Amino acid sequence: MSAQPTPTVVLVIEDEPLLRMMAVELIEEAGFTAIEAGDGAEALRILESRGDVGIVFSDVDLPGGMNGIDLAAMIRDRWPAIEIILTSGHAEFLDRQFPDGVAFFQKPARHTQIIAKMRLMAAARHQTE
């Protein structure tokens, strides 16, 4: 009898409380463990204090002087094994250069596509562990 793998921990970064709550619910219903942050600085504090985050799911437009692209670059430098998904409803981000390996979804994105990408990322992580 094999043990079930531990659910991948997803850090959700969204400054709008209702959107963050909806994202957390969607992610947990898909079988992941979700933790949340309201801005980039809070997200970095969480990442510094936890070693179990496997995926970061962040809005690009964040308060506090650090956008999601800047945050993704910091994560890629400090925690290269963490998978990153960015999302934005602003068209100007479509042409932006994202750090290597960062997935991007334009809002409104299909929830099924985002969850499918998370599952692929989690499966790839479990294969390398």
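The values are calculated or read from the model by the stated rules, or taken from the named source; none is laboratory data. What you see is a predicted model, and the numbers here were worked out from it, not measured in a lab. Don't worry about glycine lacking a Cβ; one is built from the backbone with ideal geometry, like all the others, and counts go over all protein chains shown.
For segment 24-77, which residues satisfy the criterion of being of a type in the set (S, T, N, Q) and part of a strand (DSSP E or B)? Even if it seems obvious, please write down each step before you answer.
Of all residues in segment 24-77, those of a type in the set (S, T, N, Q) come to 33, 49, 58, 67.
Hits for segment 24-77 are Thr33, Ser58.
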Verdict on Ile35 being at pLDDT 95 or above and touching a Ser or Thr at 6+ places or on another chain (Cβ under 9 Å): no
Quick one: in segment 1-23, which of the residues that are part of a loop (DSSP other than H, G, I, E, B) and modelled with pLDDT of 90 or more is farthest from Ile82 (Cα to Cα)? Glu16
Looking only at segment 1-57, how many residues end up being charged (D, E, K, R), closer than 24 Å to Thr112 by Cβ and buried (at least 18 other Cβ atoms within 10 Å of the Cβ)? 3
Going by what's in this entry, would Ile46 be described as closer than 17 Å to Pro80 by Cβ and aliphatic (A, V, I, L, M)? no
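Looking at Ala72, is it small (Gly, Ala, Ser), at pLDDT 90 or above, touching a strand residue (DSSP E or B) at 6+ places or on another chain (Cβ under 7 Å) and more than 19 Å from Ile114 (Cα to Cα)?
no
Among the residues of segment 75-125, what is the count of those that are among the hydroxyl-bearing types (Ser, Thr, Tyr), modelled with pLDDT under 90 and surrounded by fewer than 12 Cβ atoms within 10 Å (Cβ to Cβ)? Give the steps one after another, and end with the answer.
Initial filter on segment 75-125 (among the hydroxyl-bearing types (Ser, Thr, Tyr)): 87-88, 112.
Remaining after also requiring modelled with pLDDT under 90: 88.
Those still in the list that are surrounded by fewer than 12 Cβ atoms within 10 Å (Cβ to Cβ) too: none.
Qualifying residue count for the region: 0.
Pick from Leu44, Leu19: which is farther than 22 Å from Gly89 by Cβ and out of contact with any helix residue (DSSP H, G or I) (no Cβ under 6 Å at 6 or more places or on another chain)? Lay out the reasoning, then the answer.
On the way: Leu19 fails: farther than 22 Å from Gly89 by Cβ.
Selected residue: Leu44, the only one of Leu44, Leu19 that is farther than 22 Å from Gly89 by Cβ and out of contact with any helix residue (DSSP H, G or I) (no Cβ under 6 Å at 6 or more places or on another chain).
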